[in-house]
Amino acid sequence: MIDQAKLNVLVHAKMRMYAADDGGGPGADAPVEGTVIGVTDRSQLELSTSDDRVLELDWHDVHAESGSGGGMFRMLATLEISAHRPGTTVCLLSPHTAGQVHQPREWLRVRTQVPVHVTNLVGGSGEDRVSETVSLDMSGGGVRLQDGTGLKVGATMTLLIELPSGRVEVDCQTVSVGRDGSAGLRFLRRPEAVSQQITRHVYDMQLGARRATRARA
């Protein structure tokens, strides 16, 4: 049985679930999302979701993921529907293993080009300036911008990053400026929802790169 203490930290966290095989049901490209509402005395995670597609996963093995600023938690589990009514389904996840947390410091910085708007950058006139550029790479803890014109090491600003899943707003601090004009920024404190969105994008890019490497092998 898995230590309940390791599962209790997931209570109230958002979790994505998708079929672990090709036997049907929602896949990794369109996972079912739910919220962990508790842990049973049998070390099962109890989740609530409004996505009726979860019914397709009843008694199936699923991959379950939860991303945050602390990393990406992943595990393999069997999903069981425990209650269902229109608009709300409660299910139980019985983990096969203790799961694994991929810490941001363990992630490779991934190449990804997405539009970025730099705002709230105070110029010499004392007025905010807005500039537009693209990212060169990104990790769970920061981003490198192609055009770092006007950015100085130690300066703080707000970025609007256009991720495939939607725009996120995050405060950053410049940590390096390259000879090629690029700039490295680290993410400062941000809402949990923003952390999850960035984490998911970085993880998806890593997963795609690994699959491409295996396909070429």
Name the one entry in 108, 151 that is modelled with pLDDT under 90, of a type in the set (A, V, I, L, M), surrounded by 14 or more Cβ atoms within 10 Å (Cβ to Cβ) and not in a strand (DSSP E or B). 151
Kindly evaluate residue 144 against the criterion of being at pLDDT below 90, over 14 Å from the mean Cα position of the chain (by Cα) and not assigned by TED's automatic domain parsing to the domain that holds residue 51. no
Among 168, 134, which is in a strand (DSSP E or B), at pLDDT 90 or above, aliphatic (A, V, I, L, M) and under 13 Å from the mean Cα position of the chain (by Cα)? 168
Could you list, in sequence order, the residues of segment 163-185 that are hydroxyl-bearing (Ser, Thr, Tyr) and either exposed (fewer than 14 other Cβ atoms within 10 Å of the Cβ) or over 14 Å from residue 118 (Cβ atoms) (or both)? 165, 176
Considering residues that are in a strand (DSSP E or B), under 18 Å from the mean Cα position of the chain (by Cα) and either surrounded by 19 or more Cβ atoms within 10 Å (Cβ to Cβ) or at pLDDT below 85 (or both), the number found within segment 19-61 is 3
Among the residues of segment 65-93, count how many are in contact with a strand residue (DSSP E or B) (Cβ under 7 Å, 6 or more places away or on another chain) and either modelled with pLDDT under 90 or not in a strand (DSSP E or B) (or both). 9
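The values are calculated or read from the model by the stated rules, or taken from the named source; none is laboratory data. As the structure is a prediction and not an experimental result, all values here were calculated from the model. Methodologically, a virtual Cβ is constructed for each residue, glycine included, from the backbone with ideal geometry; neighbour enumeration extends over all protein chains shown.
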